[in-house]
Each structure stands twice: as C-alpha cells, then as structure tokens.
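S.K.: There's a structure below that I have some questions on.
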Amino acid sequence: MNEKIRKSDAEWRAQLSPEEYHVAREAGTERPFTGRYHDTKTRGTYKCVCCGQELFSSETKYESGSGWPSFWAPLDEGAVATNVDRSHGMVRTEALCSRCDAHLGHVFEDGPEPTGHRFCMNSASLKLEPET
Ligand code: FE
C-alpha cells in the first residue's frame with residue numbers, strides 16, 4: 001500500500017496554482033469546458049496534481065459531453081477513493097486521490113460499458129504525463 005501524503009495548507013498553496021489549490025484542496029469545481037483536459041485525446045497517464053499518484057489512463061477517457069474530463073474506470077482500484085458528498089443539496093459520490101486526499105471530482109452511474117461508471121474529473125486536479 002502507498003503511504004499517505006500529508007502536507008499543510010501552506011505547503012499545498014506553495015506547490016499548486018490558485019485554481020489547482022481551490023479544486024484539489026478545497027473541493028472546488030472548475031467551470032465546464034474550461035479545463036486543460038476536457039477535450040484532450042493525447043495518450044498517456046493522468047496523475048494526481050498534488051502527489052503524482054497515477055490515477056487514470058487515456059485508454060478509459062471518453063467524450064461524455066459534460067465539459068469535464070471523463071473516465072469509465074481508474075487506473076487501479078486503489079488509486080481513487082470515494083466518499084459520500086452531501087453538499088449543495090445533493091447526494092453525490094466524491095472521488096479523491098487515495099494517497100493525498102485531493103478532491104478529484106465525482107462518480108456517476110451513467111457511464112459507458114464495461115463499468116457503467118462516469119468518473120467526472122476536474123482537469124485542475126490532474127496532470128497528464130503523455131506517453132513517450
Ligand atoms: Fe494525490
């Protein structure tokens with residue numbers, strides 16, 4: 001198992017852009033169709049912007065029409081943790097990086113086969129490492 005990564009708010013702020021900090025550390029949401037990866041087709045691995053843990057492969061990225069990068073499965077079952085999110089008058093499943101608890105986005109059950117899951121992510125929480 002990975003060891004948890006914990007840093008102070010000041011350390012995260014120093015490392016991240018203001019938007020990355022707001023989304024990943026304060027559970028913010030970027031505006032749809034504005035993120036750096038919503039339309040990206042580049043092959044590679046999407047890592048956690050905070051701790052670098054590998055989260056998603058471009059192989060499972062698909063066009064959901066939502067305006068946020070969407071995946072039908074994480075790279076590894078253990079990489080993405082979930083949590084019940086009752087904010088904003090809704091009950092949703094929050095997705096977090098299992099290593100550093102970065103907020104990634106939410107998981108919905110209207111995704112494509114074979115899983116039926118839609119991991120609706122914020123670009124700001126991800127860092128794409130293109131395949132070489
Ligand atoms: Fe992380």
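The values are calculated or read from the model by the stated rules, or taken from the named source; none is laboratory data. As the structure is a computational prediction, the values presented were derived from the model and not from experiment. For neighbour counting, all protein chains shown are included, and Cβ atoms are generated from backbone atoms with ideal geometry for every residue, glycine included. In case anyone asks, the SASA skips ligands and DNA or RNA and just uses the protein heavy atoms, side chains included. Shrake-Rupley method; radii C 1.70, N 1.55, O 1.52, S 1.80 Å.
The rows are residues; the columns are (1) within 13 Å of the ligand (Cβ to nearest atom); (2) aliphatic (A, V, I, L, M); (3) crowded, with 20+ Cβ neighbours inside 10 Å.
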| site | (1), (2), (3) |
| --- | --- |
| Thr82 | no, no, no |
| Gly89 | no, no, no |
| Ala95 | yes, yes, yes |
| Arg99 | yes, no, yes |
| His103 | yes, no, yes |
| Glu109 | no, no, no |
| Pro112 | no, no, no |
| Met121 | yes, yes, yes |
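S.K.: Would you point out the residue of the stretch 34-56, among those that are outside any loop (DSSP other than H, G, I, E, B) and open to solvent by less than 20 Å² (accessible area, probe 1.4 Å), that is nearest to the ligand (Cβ to nearest atom)?
M.R.: Filtering first and then ranking leaves Cys48.
To keep it simple, each residue is scored yes or no on (1) in contact (Cβ under 8 Å) with a residue 24 or more places away in the chain; (2) of a type outside the set (A, V, I, L, M, F, W, C).
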site: Gln53; (1), (2): yes, yes
site: Ser58; (1), (2): yes, yes
site: Val80; (1), (2): yes, no
site: Asn83; (1), (2): no, yes
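S.K.: Anything in the stretch 59-79 that is open to solvent by 20 Å² or more (accessible area, probe 1.4 Å) and closer than 23 Å to Leu16 by Cβ? List them, or say none.
M.R.: The answer is Lys61, Trp68, Pro74, Leu75.
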